[in-house]
Amino acid sequence: MGRGLRKMLSVSRWLVTGIFMLLLIALNLFWFIPQEDGTDLSNTFQDEKKHLNENDAAYRSEQKKCEITEDQSTKYPHCLGKMNWMTTKWKADPCYVQFGVDGSLCSIRIYLSEVEDWCPRLESRINFLKTTPTLQMVKPNYAIEGLINLLQEPNKKRQNYAIMKERINNMWDGWIQSAKSIISKNIWKPHSKKRILIHFGFLTAKSKFTIIEMASKGGPRGELVQWSDIISSLYVLGHDLIFTCEDDQLRAILAKFPNYKAQCQAKRLLPVDIIMTDIIGLHHFQQAVGAGFGKFRCLLRIIDSFGTEPAYNDATWAKTHKLKSPWGGRNLNPQQFYTMFRC
């Protein structure tokens with residue numbers, strides 16, 4: 001084996017190990033949502049509603065105790081504003097009533113502290129709904145067949161996954177070696193299995209991009225390489241993955257989520273912990289969920305090849321300073337953007 005070839009293989013192993021390390025760190029920073037027991041989401045929703053209505057009569061008669069104190073306002077700066085908004089807007093979406101909101105101060109405070117997380121819980125309800133989440137810990141997954149089977153083409157006329165499958169197959173031994181190396185060095189730490197929805201917006205027919213067509217003719221493959229490495233590492237790390245590469249696929253999955261278009265931000269009911277997509281996919285996602293986007297916002301991780309600067313990300317700032325762009329104005333936390341240099 002020539003010196004040049006040995007050097008190339010060494011660099012490849014170093015890169016794969018590096019991606020593993022960064023993803024292990026990043027996954028520990030992801031927004032955590034407890035995994036509900038069972039799979040009947042409609043029953044889970046009804047149970048939540050039932051809990052919020054229990055003993056409400058006692059709280060209705062003591063509205064004064066439901067007001068937020070000055071000290072609490074400091075710790076929960078958005079609470080008072082949310083409560084004031086809901087006082088007049090609680091009928092804006094039927095989901096608020098379904099969660100027990102009836103316009104009274106206490107029902108609003110209970111909702112904003114037990115369904116959403118904008119306010120502190122009432123002292124008398126500190127232990128209410130206190131449950132121990134069921135966590136499933138990850139185990140390394142070395143079977144490439146499982147990942148390949150997940151990458152099913154929804155449209156036989158467009159081979160969206162062909163190039164990614166090719167790279168995954170070519171690099172698979174490297175992923176396994178890197179995973180075993182991390183485990184042998186005690187770098188691997190026990191962590192919970194995540195349910196990750198991955199939507200390839202740039203591959204959809206709706207995007208009208210020709211990346212696949214051009215890549216097979218010598219065109220750039222940067223995004224395809226980046227995504228291949230990300231999904232390989234997530235799969236080897238043992239997480240549950242769902243892939244979509246067409247808009248109708250995404251909408252069909254979202255339609256199974258409880259109240260996915262509703263304004264209520266009941267994140268604990270969502271059957272997904274993380275949503276990974278690109279800028280095009282983010283636009284598709286916002287169109288699909290409409291007013292329900294708020295509950296998904298913190299779950300998003302955007303694979304943004306060359307990054308979006310905060311000035312362009314902030315819609316108000318961008319508009320004021322004439323930095324408006326079709327790629328910007330998403331109003332996400334800058335740490336939710338993953339670039340080729342950060343993944």
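The values are calculated or read from the model by the stated rules, or taken from the named source; none is laboratory data. Since the model is a prediction, treat every value here as computed from it, not as a measurement. Cβ atoms come from the backbone with ideal geometry, glycine included; neighbour counts cover every protein chain shown. Keep in mind that these areas ignore ligands, DNA and RNA; they rest on the heavy atoms of the full protein, side chains included. Shrake-Rupley method; radii C 1.70, N 1.55, O 1.52, S 1.80 Å.
Observations on the structure shown:
- With DNA, RNA and ligands ignored, accessible area of residue 273 (1.4 Å probe; Å², nearest 10): 10 Å²
- Kirkwood estimate for region 157-234, i.e. one over the average of 1/r between Cα atoms, Å: 14.5 Å
- Sequence of 70, 309, 223 from largest to smallest accessible area, 1.4 Å probe: 70, 309, 223
- Translational diffusion of region 65-165, µm² s⁻¹ [Kirkwood Rh, Cα pairs; Stokes-Einstein; 25 °C; 0.890 mPa s]: 139 µm²/s
- Value of relative contact order over region 254-336, rounded to a whole percent, pairs C-alpha under 8 Å and six or more apart: 27 percent
- With the simple model of a label 7 Å out from the Cα in the direction of the Cβ, residue 151 to residue 104 spans 5.6 nm.
- Quotient of the Cα radius of gyration of region 187-333 and 2.2 N^0.38 Å, N being its number of residues: 1.11.
- Extension reserve of the residue 91-residue 143 stretch, reckoned as 0.36 nm per residue once the Cα distance is removed: 13.7 nm
- Inter-part distance where region 65-131 and region 214-248 are each reduced to a Cα centre, Å: 41 Å
- Accessible area per residue for region 199-343, computed on protein heavy atoms with a 1.4 Å probe, is 43 Å².
- Net charge of Cβ neighbours under 9 Å - reference residue 303; Lys, Arg +1; Asp, Glu -1: -2
- Each residue of region 140-156 was assigned a 3J(HN,Hα) from its phi angle through the Karplus curve 6.51 cos²θ - 1.76 cosθ + 1.60 (θ = phi - 60°); the sequence is x, 10, 9, 8, 5, 4, x, 5, 4, 5, 6, 8, 8, 6, x, 10, 5 Hz, with glycine and proline shown as x.
- Under Karplus coefficients 6.51, -1.76 and 1.60, residue-wise ³J(HN,Hα) of region 241-253 in Hz, glycine/proline x: 10, 10, 10, 9, 9, 9, 4, 5, 4, 4, 5, 5, 5
- Measuring against 27 Å, Cα to Cα, the residue pairs 156/208; 206/324; 193/295; 217/322; 165/267; 91/193 contain 217/322; 165/267; 91/193 as the ones spanning a longer distance.
- Cα convex hull of region 269-343, projected area averaged across orientations, nm²: 5.2 nm²
- Neighbours of residue 207 by Cβ distance under 13 Å: Lys/Arg scored +1, Asp/Glu scored -1, total -2.
- Centroid-to-centroid, using Cα positions, region 287-343 and region 161-175 are 29 Å apart.
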